[in-house]
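The values are calculated or read from the model by the stated rules, or taken from the named source; none is laboratory data. Quick caveat, the model's predicted, so the values are computed rather than measured. In this analysis, Cβ positions are derived from the backbone assuming ideal geometry, glycine residues included, and neighbour counts consider all displayed protein chains. Ligands, DNA and RNA are stripped out before the accessible areas are found, and what is left, the full protein with its side chains, is counted by its heavy atoms. Shrake-Rupley method; radii C 1.70, N 1.55, O 1.52, S 1.80 Å.
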Amino acid sequence: MKALINAISYYLPNKVLTNKDISEEFPEWSVDKISTKVGINARHIADKDETAGDMAFKAAEKLFEEYNITKDKIDYLILCTQSPDYFLPTTACILQDKLGLSKKIGAFDFNMGCSGYIYGLGIAKGLIISEQAKNILLLTAETYSKYINKEDKSNKTIFGDGASATLISSTNLPFGLNFEIMNFCYGTDGSKFDSLIVKNGAHRHPIFDGKTQYDENGDYKYNDNNLYMDGKAIFNFTAFQVPPLIKETLEKNNLKIEDIDIFIFHQANKFMLETVRKRCEIPAEKFFIDIEDVGNTVSNTIPIAMYKAMIQKKYMPGKILLSGFGVGLSMAAVILKS
């Protein structure tokens, strides 16, 4: 029994936040400084009333139309998000009805960020191998922009919103990409959970009583009501823990770096990606980066990058190594083979 990625699509909100927009709000950061710092020129931002569920719906509808998929084929729906429409019920159940899918399918959300797409592929493969499902719709959707404080220029430059849709099946489909999902490797360091966090609002700290803190220069530091990221901690985790994970993933699949046609990692920011590429000793021509006009869309970055690589004919056929890393702190990697 195999599990195969047969289709990928994505959706981005209409509103675009450019470096020029950010520079006008924070004159001390020029357009060039922002571009050089993170390698991002623009990012898409969800409308005030646009939710992760809304965007996941649009990504799924785009997938069905783009690949001519009939909805009655779907027998399981999984949504990866850290910005659900409600605490409960699960947004996936709402999407089952909104998308007009069968009432005889399974549907659930799971809370995972930067490594979430890889986790989703792992869950989907498990469901297929255990014969619980044949055609799984894996959705990712995030509206991190709604967590960012209006004074937080640093995170504003990095994160964008978006959604993706992937069809994972037990058999090759005539219209499909037909990438077989091979073996996975995972890693977790929960001791550093507060390196990327929205502290207030859930049951550990239910009251939004955070007060904005500033540094000695009067610049924004954090507010516990909003997204906080310790950039140094995340960078160190990625730089030192991801290379061994990549090595382990290659070994588990009996492959070497030279056997991989393209590497697609979580599109965090350009500097971090280049650092981890060099530490993994991956040739630049095999390492796909396309973040300039999208930004860091969290669990969406890998499927969006895969779609863009496909359009640019960077792969097909071949072997692809995917890796996600970040909030949790968590990381995961897998190899696809066509």
Take ILE320 and tell me if it is outside any strand (DSSP E or B), of a type in the set (A, V, I, L, M, F, W, C) and within 26 Å of LEU167 (Cα to Cα).
no
Check the range 20-27 and report whether any residue there is part of a helix (DSSP H, G or I), open to solvent by less than 50 Å² (accessible area, probe 1.4 Å) and under 17 Å from GLY160 (Cα atoms).
yes
Give me the pairs: first residue in the range 159-177 and free of Cβ contacts under 8 Å to residues at least 24 places away in the same chain, second residue surrounded by 24 or more Cβ atoms within 10 Å (Cβ to Cβ) and basic (Lys, Arg), beta-carbon distance under 7 Å, and six or more apart or on different chains, which are they?
none
Of all residues in the range 238-272, count the ones that are in a loop (DSSP other than H, G, I, E, B) and of a type in the set (A, V, I, L, M).
3
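For the range 130-150, check the following and say yes or no: at least one residue is open to solvent by less than 50 Å² (accessible area, probe 1.4 Å), of a type in the set (Ser, Thr, Tyr), farther than 21 Å from THR51 by Cα and assigned to a helix (DSSP H, G or I). Lay out the reasoning, then the answer.
Here is the first cut: in the range 130-150, the ones open to solvent by less than 50 Å² (accessible area, probe 1.4 Å) are 133, 135-145, 148-149.
In the following step, the residues that additionally are of a type in the set (Ser, Thr, Tyr) were identified as 140, 143-145.
Going one step further and asking which of them are farther than 21 Å from THR51 by Cα, we end up with none.
No: the range 130-150 contains no residue that is open to solvent by less than 50 Å² (accessible area, probe 1.4 Å), of a type in the set (Ser, Thr, Tyr), farther than 21 Å from THR51 by Cα and assigned to a helix (DSSP H, G or I).
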Going through the range 226-278 one residue at a time, which ones are farther than 21 Å from ASP290 by Cα, among the basic types (Lys, Arg) and at pLDDT 95 or above?
LYS247, LYS252, LYS256
Modelled with pLDDT under 95, touching a Lys or Arg at 6+ places or on another chain (Cβ under 8 Å) and surrounded by 16 or more Cβ atoms within 10 Å (Cβ to Cβ): is that true of TYR220 in this structure?
yes
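Restricting attention to the range 177-208, and to residues there that are among the hydrophobic types (A, V, I, L, M, F, W, C) and assigned to a strand (DSSP E or B), which single residue is surrounded by the fewest Cβ atoms within 10 Å (Cβ to Cβ)? Show your work before the answer.
Start the filter on the range 177-208 by keeping residues that are among the hydrophobic types (A, V, I, L, M, F, W, C), which leaves 177, 179, 181-182, 184-185, 193, 196-198, 202, 207-208.
Of the ones still in play, those that are also assigned to a strand (DSSP E or B) are 179, 181-182, 184-185, 196-198.
Working: PHE179: 26, ILE181: 22, MET182: 20, PHE184: 19, CYS185: 21, LEU196: 21, ILE197: 16, VAL198: 20.
Taking the candidates together, the pick is ILE197.
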With the requirement that a residue be without any contact (Cβ under 8 Å) to a residue 60 or more places away in the chain, in contact with a Gly (Cβ under 9 Å, 6 or more places away or on another chain) and not acidic (Asp, Glu), what does the range 234-267 give you?
PRO244, ILE262, GLN267
Condition set modelled with pLDDT under 95 and not aromatic (Phe, Trp, Tyr), scope the range 171-188, selection farthest from LEU322 (Cα to Cα): answer is PRO174
Among residues of the range 269-315 being small (Gly, Ala, Ser) and touching a residue at least 60 places away in the same chain (Cβ under 8 Å), the residue farthest from SER338 (Cα to Cα) is GLY295
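Identify, please: which residue in the range 273-297 is of a type in the set (D, E, K, R) and part of a helix (DSSP H, G or I) and is, among those, most open to solvent (accessible area, probe 1.4 Å)? Full working, then the answer.
So the first thing to find is which residues in the range 273-297 are of a type in the set (D, E, K, R), and the list is 274, 277-279, 281, 285-286, 290, 292-293.
Okay, now just the ones that are also part of a helix (DSSP H, G or I), so 274, 277-279, 285-286.
Details: GLU274: 53, ARG277: 35, LYS278: 133, ARG279: 118, GLU285: 155, LYS286: 43 Å².
The extreme case among them is GLU285.
What strands (runs of 3 or more DSSP E) lie completely within the range 33-116 and have 1 or more residues being open to solvent by less than 10 Å² (accessible area, probe 1.4 Å) and within 18 Å of GLY295 (Cα to Cα)? Spell out how you get there, then give the answer.
Numbers: elements: 42-45, 76-80, 106-110.
By residue number, 42-45.
Residue under question is THR70, and the condition is that it be closer than 30 Å to GLY201 by Cβ and of a type in the set (Val, Ile, Thr); does it hold?
Working: closer than 30 Å to GLY201 by Cβ: no; of a type in the set (Val, Ile, Thr): yes.
Judged against the criteria, THR70 is not a match.
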